[in-house]
Amino acid sequence: MGAYYRRRGLVGPAVLITLGAILLADRLLPGEYGFHRLWPLLLIVIGVVRLLEMSMRRDEPLYPPPPTPAPGPPPQAPPPTFTQGNPPPGSSQ
């Protein structure tokens with residue numbers, strides 16, 4: 001279930017990057033390459049990303065699984081240390 005949401009999340013970043021590139025081209029390049037001529041690139045990028053998402057196998061993991069803890073007893077806390085001013089509990093002075 002979690003992998004599906006990660007795959008679905010690829011369209012948004014791709015659209016933002018493409019939109020930024022189109023707006024940058026609108027400001028830096030001559031009027032011929034304005035937003036009014038380049039906006040179809042957004043549709044192309046969305047389509048390409050969706051095709052890539054569909055081509056990914058659903059049973060293929062996106063990331064390696066997290067490490068599993070080693071079998072055996074759980075780690076124990078170290079024994080408490082006592083200084084000269086604080087004798088251990090239960091001892092008499």
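Every number here is computed from the coordinates shown, using simple stated rules; none is lab data. Note that the coordinates shown come from a computational prediction; the quantities given were computed from them, not determined experimentally. All Cβ positions, glycine included, derive from the backbone under ideal geometry; neighbour counts span all protein chains shown.
Summary table below
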read-out: Note, ³J(HN,Hα) from phi for the stretch 44-56, Karplus 6.51, -1.76, 1.60, rounded to Hz, x at Gly and Pro; value: 5, 5, 4, x, 5, 5, 5, 4, 5, 5, 5, 6, 6
read-out: Computed lengthening from Ala14 to Leu43, 0.36 nm per intervening residue step minus Cα-Cα distance; value: 9.4 nm
read-out: Under the Karplus curve 6.51 cos²θ - 1.76 cosθ + 1.60, θ = phi - 60°, whole-Hz ³J(HN,Hα) for the stretch 26-43, x wherever Gly or Pro sits; value: 4, 8, 8, 8, x, x, 5, 9, x, 4, 4, 9, 9, 4, x, 4, 4, 5
read-out: Ordering of 29-36, 66-73, 18-25 by packing [mean C-beta count within 10 Å, highest first]; value: 18-25, 29-36, 66-73
read-out: Calculated FRET value between Ala21 and Met56, using beta carbons and R₀ = 22 Å, to 0.05; value: 0.35
